[in-house]
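We did not get these values from a lab; they are worked out from the coordinates using the rules stated. This is a predicted model, so every value here is computed, not measured. Here the Cβ positions follow ideal geometry from the backbone for every residue, glycine too, while neighbour counts run over all protein chains shown.
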Amino acid sequence: MAQIETDYLIIGAGASGLAFADTLLDELPDAHITLVDRHGKPGGHWNDAYSFVNLHQPSAFYGVNSMPLGNNRIDTVGTNRGFHELASGAEISGYFNNVMNQKLLPSGRVSYHPMSDWQGGEGAALAGRIVSILSGVQTTVAVRRKLVNAAYASPRVPSTHTPKFSVGEGVRVVPPNALVQLWQGQGPRPSQFVIVGAGKTAMDVGVWLLNCGARADAIQWVMPRDSWLINRASTQPGMEFFHQSIGGQAAQMEALAQATSVQDLFHRLEAAGQMLRIDAQQEPTMFHYATISQGEVALLRQITRVVRMGHLQAIEPAQMVLAQGTVRVEPGTLFIDCTASAVEPRPVLPIFQGSQIVLQLVRAPLPTFSAALAAYVEAHYPDDATKNRLCTTVPFPDGVEGYPASVAVSMSNQFKWSQDKALRQWVRNSRLDGFGKMVSEVPESDTEKMAILARFKQSAQAAMANMPRLMGARAG
Ligand SMILES: Cc1cc2nc3c(=O)[nH]c(=O)nc-3n(C[C@H](O)[C@H](O)[C@H](O)COP(=O)(O)OP(=O)(O)OC[C@H]3O[C@@H](n4cnc5c(N)ncnc54)[C@H](O)[C@@H]3O)c2cc1C
């Protein structure tokens, strides 16, 4: 059996593993890194995505720290018109391929094992095996420094998950990936579409169907929960968006400072243009940091046949069985499964655990910024207590109630980074941060922008003071 040694063994060459490797390579010039992944290409779940997927957030601050993604272009057409470009799935895959082949491997300090399974030893053991999925060939690995679990927070996607509802004989259920093949089918085209699921993937499918000519009245949408959505207008980097983005953050802090309950908080955020919802008559209970434009919301509002009867349990040839009743379906209906939960709740763990690092968010909702910052901290700070203090894990909200805690930990981390000169500098210069550089470059003579920053600072303190009340309060 072949044997190798490495300093850092990273399980997962998805966005998190690559962002961690990229920064570690730059910050620890003597370290050797090995990446192992079951997928045949870098990029993790982006390899399994539907072909019409896009980032929800600007490309400008996604990916690895050292390599830009996209051209900082402002879109002039489509539902993202007026905003920074959003990389398509194909662009993201190509980008991560470039990260591997133009940065990591040419360094001579990185090895990559695609189509391979990591089989670790017991517990936090620093030895294990890389097993090739195609040949079964095994390589034993001795890890000199740390094992990095970059797969702990890995999302589930429709094309690789098994839906929880049962499917009767002859019922046609597909993942979103199959939609783009519909033009090829020999048989009859679907007469009706049912989108199953209420997350961003379901929204992408709704927008795609409408843009590709499906009639709105031919679409039904099974939506167990309504969701609050981040207004993409408030996520734009660049001075020209300062009022929207930083002014939006100040408004967010004011809402956090003044809200009397979580429900009140989201209503205040909606009034301030920070949050959107598809149906203004519904009170959303879901919040997963999905980001959307008002153009997409306007399109999705055309779908009026929304089924709010709880989770789908079974699809029978003539009806859907839901938690709260049944709904008749026509023959020839195509069901599109969008029920994979990209952000399945997982226990919050310390990131630095002796010989292991378990990558999780240190700022919500930015997994690649979080992984890169964890690598910087790993390279420059002495012990786990210090590292975990700087990188407290941010809990990902499963519903609206989880939002205040998620913001509170993100803010408290940000405060700790601001108190450490080197880390403050790194964050400010990181392309993954989005806003830090822009904020630091506001000239003092620009009184209007300085006033926004002062508003932000002032209300951030009041927001933190109000957090215990919001974290204790139930929605409503
Ligand atoms: C549709 C969609 C859109 C999104 N848009 C955005 C966005 O705009 N902005 C944003 O920040 N985030 C977005 N996300 C979140 C996204 O999940 C993260 O940005 C990121 O891609 C997650 O990467 P990851 O490396 O954590 O997980 P993954 O991509 O799942 O990578 C983990 C890898 O680990 C490998 N692995 C696991 N166990 C083993 C093992 N034992 N041996 C070998 N390999 C193993 C898996 O094969 C996988 O490739 C989106 C997610 C989805 C689903």
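Structure notes:
- The reciprocal of the average 1/r between distinct C-alpha atoms defines the Kirkwood hydrodynamic radius, which for the range 1-133 equals 16.0 Å.
- Long pairs among LYS387/LYS457; LYS421/LYS449; LYS416/LYS437; LYS164/LYS387; LYS41/LYS200, criterion Cα-Cα beyond 28 Å: LYS164/LYS387
- Using Cβ point charges alone (K and R +1, D and E -1), the dipole size of the chain about the Cα centre works out to roughly 220 debye.
- Modelled spin-label separation between GLU441 and MET67, with each label point placed 7 Å from Cα along the Cα-to-Cβ direction: 2.4 nm.
- Applying 1/(1 + (r/R0)^6) with R0 = 56 Å to the Cβ-Cβ distance of ASN211 and ASP420 gives a FRET efficiency near 0.75.
- Here the label points at TRP183 and ARG301, each 7 Å from Cα along the C-beta direction, are separated by 3.1 nm in the simple model.
- With θ taken as phi - 60° and the Karplus curve 6.51 cos²θ - 1.76 cosθ + 1.60 applied, the whole-hertz 3J(HN,Hα) list for the range 304-316 is 9, 8, 9, 9, 10, 10, x, 6, 6, 9, 7, 10, 9 Hz, x standing for glycine and proline.
- Potential lengthening between VAL77 and ALA127 on full extension [0.36 nm per residue; Cα-Cα distance subtracted]: 12.8 nm
- Long-range amide H partners of MET309 with built H, under 5 Å: MET223
- If the chain linking GLN119 and SER341 were pulled fully straight, counting 0.36 nm for each residue of separation and taking away their Cα-Cα distance, it would gain 77.4 nm.
- The simple spin-label model puts a point 7 Å past each Cα toward its Cβ; for VAL321 and ARG144 those points are separated by 6.0 nm.
- Potential extension, GLN461-SER261 segment - 0.36 nm per residue separation minus Cα distance: 70.2 nm
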